[in-house]
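Structure first, then comments.
The values are calculated or read from the model by the stated rules, or taken from the named source; none is laboratory data. Because the structure is predicted, anything quoted here is derived from the model rather than measured. Backbone-built Cβ (ideal geometry, glycine too); neighbour counts: all protein chains shown.
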Amino acid sequence: MAKKKVEEDEGPSKAWLDSFADAMTLLLAFFIMLFAFAIVDQSKFDEFKTGVKASFVHTAVTLEQSSGIMGEGDTLANATGYAAQLNAQPTQYDGDTEELLEELEKAGEVTEAEREALEEVLRRQFEQAGVGDLVEVGRDPRGVVLRFEEEILFESGEAELRPDGVEAIGIAASVLDLIDNLVVVEGHTDSIPTGSAWPSNWELSAYRATSVVRLMSEGFGLTGARLTAAGHADTRPRAENSTDEGRRRNRRVEVTVLITPPDGMVIDPLTGEVTSLPDSVVTGTDADADISPDDPEVAAEPPGQSSDPELLQGLFPAPPPSEDE
């Protein structure tokens, strides 16, 4: 009977070393990658900052004095989360446009003399960006009006700005940052009820206007004191709400750059109409101007009040008689 050959004991298997070596290689590559990310090429980063700034001219989305790659200076990222949408290519300006921009910056507050220059710059900027058919540059008695159609700024029934909307507002803000005029942002809707998303069109229109104002202020650095937001729902239509085309025109956001009227004129805050002030107000020749504050009769009355019964009766008419009388 043949005896079985006894195999020599080779000890524990060392196959685990292959897996261990693979794991160590992956970890090494991972830490090398982290180390590479921690080193910022200052020259390339400066080029990135320049490109971002040039795309929006004088925007206030600054990256200087930051604590990290983007840092605390990136107010747009901190405020609205739209920082990733600032990677647009730098905008190139022709000579005429640059001259107009310099004229507006030198003027500070745009008046009637610079109105056409402001309109022309804005129109060129939107046309160059390819959204000239979605943003109308016009005027009304209050000043220069930018009418943004809903489709460029928001999804239907929503109030969160779309990426194209952020870029379009950035174009407007880059020009508005050069001047000192007050800006009014007004939201408008059609007459179709909003459904369950919003209590009414009032809330939707107001929230859309507020979203644009907040982006201009916190994202693009316009002074908050210059900005006003208002929601008008469907109370100021541009077209009939009975057709799809009419409703589309009514769903919009209007950004109005207020231009101070000439001396002796005043703007009605409700209608926007410009009217002349009375001559007595313009010249300061009111009949009451000759009354001295030292007059005993004047001194006896509190400021802003009068003891004249006829005048008081005109200001506060008597209530209608009740049925018992």
Is one or more of the residues making up the range 191-199 surrounded by 16 or more Cβ atoms within 10 Å (Cβ to Cβ), of a type outside the set (S, T, Y), modelled with pLDDT under 95 and more than 19 Å from the chain's Cα centre (by Cα)? yes
Filtered residues of the range 116-137 (kept if touching a residue at least 12 places away in the same chain (Cβ under 8 Å) and among the small types (G, A, S)): A117, A129
So, in the range 234-278, of the ones that are more than 24 Å from L118 (Cβ to Cβ) and modelled with pLDDT under 70, which residue ends up surrounded by the fewest Cβ atoms within 10 Å (Cβ to Cβ)? L270
Can V175 be described as under 14 Å from the mean Cα position of the chain (by Cα), within 19 Å of L104 (Cα to Cα) and touching a residue at least 40 places away in the same chain (Cβ under 8 Å)? yes
How do the pairs read when you match residues in the range 154-165 that are over 17 Å from G195 (Cα atoms) with residues anywhere that are of a type in the set (D, E), using Cβ under 9 Å and keeping only pairs 6 or more apart or on different chains? R162/E151; R162/E155; D164/E151
Tally the residues that are part of a loop (DSSP other than H, G, I, E, B), over 11 Å from R251 (Cβ atoms) and within 15 Å of the chain's Cα centre (by Cα), restricting the search to the range 150-172. 4
Please indicate, with yes or no, whether at least one residue in the range 183-201 is more than 26 Å from G246 (Cα to Cα) and in a loop (DSSP other than H, G, I, E, B). no
Only one of (1) under 25 Å from V110 (Cα atoms); (2) in contact with an Asp or Glu (Cβ under 7 Å, 6 or more places away or on another chain); (3) crowded, with 18+ Cβ neighbours inside 10 Å is not met by V184, so which one is it? (2)
Please list, ordered by first then second residue, the pairs with beta carbon atoms under 8 Å, 6 or more apart or interchain, first in the range 222-250 and in a helix (DSSP H, G or I), second among the β-branched types (V, I, T) and surrounded by fewer than 19 Cβ atoms within 10 Å (Cβ to Cβ). R247/I192
